[in-house]
1. Working only within segment 40-75, note down all residues that are without any contact (Cβ under 8 Å) to a residue 60 or more places away in the chain and β-branched (V, I, T).
2. Taking segment 174-191 as the search range and keeping residues that are out of contact with any Leu (no Cβ under 9 Å at 6 or more places or on another chain) and assigned to a strand (DSSP E or B), which one is surrounded by the most Cβ atoms within 10 Å (Cβ to Cβ)?
3. Taking the criterion of being under 25 Å from the mean Cα position of the chain (by Cα), over 20 Å from A172 (Cβ atoms) and buried (at least 22 other Cβ atoms within 10 Å of the Cβ), would at least one residue in segment 44-53 satisfy it?
4. Just one of I424, I466 is under 20 Å from the mean Cα position of the chain (by Cα), assigned to a helix (DSSP H, G or I) and in the same structural domain as K482 (by TED's automatic domain parsing); which is it?
5. What residue, of F270, F288, is in the same structural domain as D393 (by TED's automatic domain parsing), more than 20 Å from A197 (Cα to Cα), part of a loop (DSSP other than H, G, I, E, B) and modelled with pLDDT of 95 or more?
6. Can you report the number of residues in segment 295-308 which are loosely packed, with under 14 Cβ neighbours inside 10 Å and either touching a strand residue (DSSP E or B) at 6+ places or on another chain (Cβ under 6 Å) or of a type outside the set (D, E) (or both)?
7. Of the residues F209, F186, which single one is under 30 Å from G287 (Cα atoms), of a type in the set (F, W, Y) and touching a Lys or Arg at 6+ places or on another chain (Cβ under 8 Å)?
Amino acid sequence: MGRRPDFIWENIMKFLRNLKTACAVVACVHVGASAFAQAPEFSDESKQFISVNSDTVLLKNVRIVDGTGAAAKAGQSILINNGKITAVGKVGSINVPGDAEVVELDGKTVLPGLVMLHEHMFYNASDPDRFIQATQPVIFPRLYLAAGVTTARTAGSFEPYTDVKVKQYIAAGRLVGPNYDTTAPFVEGAPALFLQAPELETPEEARRFVNYWADQGMTSYKAYMNVKKAVLGAAIEEAHSRGLKVAGHLCSVSYADASDLGIDNLEHGFVLAPDFLPNRVEDKCSGFPLARFMEVELESPEAQALMDKLIENNTAITSTLAVLARISATVNGPNPDAIEALGHGAKAHYMGNHLAGYQRAIDNDIWERAVRKEMAWEKAFADKGGLVVAGSDTTGIGGTVAGFANHEQIELLVEAGFSPLDAIKISTLNGAISMGREASVGSIAVGKNADLVIVDGKPDTDIKDIRRVVTVFKDGVGYDSKKLIASARGRVQN
């Protein structure tokens, strides 16, 4: 008599559980194409954007800006093998295998792939009563990659299963885009600002939430405006126990308290910090902090004490100047290239926001002054030893578009007083350090991933050349930036 079917099924399930455990040990998220170190099988849709795809590639005669803040080096070559940088040196100094594909670059500049930490996959949807977001699962990843973003943290999700699937599809070659650090739905309390956001009211709910979404493949978290301090603390503790990061756009919890709880990033800089609000009530979003921020002097003891605490606790500040400056259109005006990517409704929304921004500047320039002040505080925080990272925040008032806004963000860092080299470092190596991934991405060095941006210009001397991207290498595969942008024309919808 044969073994019972239920006995066989139990052994099958045991095998699958063991396989899942083994996968977790080697840091796999799911069993599938993205879980193993295999070259992806690119779909026909993806192949149309690929310009270089050889096991061994030599980028010859380039200027290297390595992402560390060091000065550019001219007359260099970079050897790539199986997605990794295997040699960097002067032209003629590298032993080049005979089967290498040689790409002559005639003095073009090569940067590390951008590592940007506030890169949503959604855009504003039109609804007169509620703030609703529309996911852009195909076009936004293309636009990020076209701009040179090779590692992107999504900073909050409204369609989490879509985000995880996009990440998996990109890893498998079915879609093109950055290597994503996908963030779970917002760690938010009641009342949630978005209808699409959860409302977590107890530490136990927060722990279950963190573990559930980690099991689904999410790799970071973002706390939002109405989260309670105890809930945030539980979420941070649980996430850190699994080696995952937590950022926050906060109001009900102060920056100082969140930093003491161990939060990894604070979004949007200091302009929205609730710490300076008079009569602030714990666990309550007690008003919009902008006006109070405008009253606090950078040299004041309270400002300096907050910066010192963030530095002591290794809490990074995520600069999102592109979206803040867009609120006052006199600081960050319309981007004609971005407008070309917008569909009819999104274009009308975009231009309407700019008109509103100009009107705000005419009626009251507080936002323009606030952006300038935020710039000065971010520069002072970095000078003091704080870690500044960057993101574009492609949502908010709907005035920032994936990819194009990343370049705007880097340019605004230079306007804030950072050198072009430092602005590039903030957008590459600093982001990698904040994510704990500096061993593999964020700078150009032997052994690191071949995530590289070829620019027809010298962005280390003229930062506006950052927009002149020719080819983006991600994991050693080169993508044509212009083809990616062309494919997105008129397709961003709201």
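The values are calculated or read from the model by the stated rules, or taken from the named source; none is laboratory data. Computed from a prediction, not measured in an experiment: that's the story for all the values here. Virtual Cβ from ideal backbone geometry, glycine too; neighbours counted across all protein chains shown.
1. T56 - this is the single residue of segment 40-75 that is without any contact (Cβ under 8 Å) to a residue 60 or more places away in the chain and β-branched (V, I, T).
2. T183
3. no
4. None of the others qualify; the one that does is I466.
5. None of the others qualify; the one that does is F270.
6. 3
7. F186
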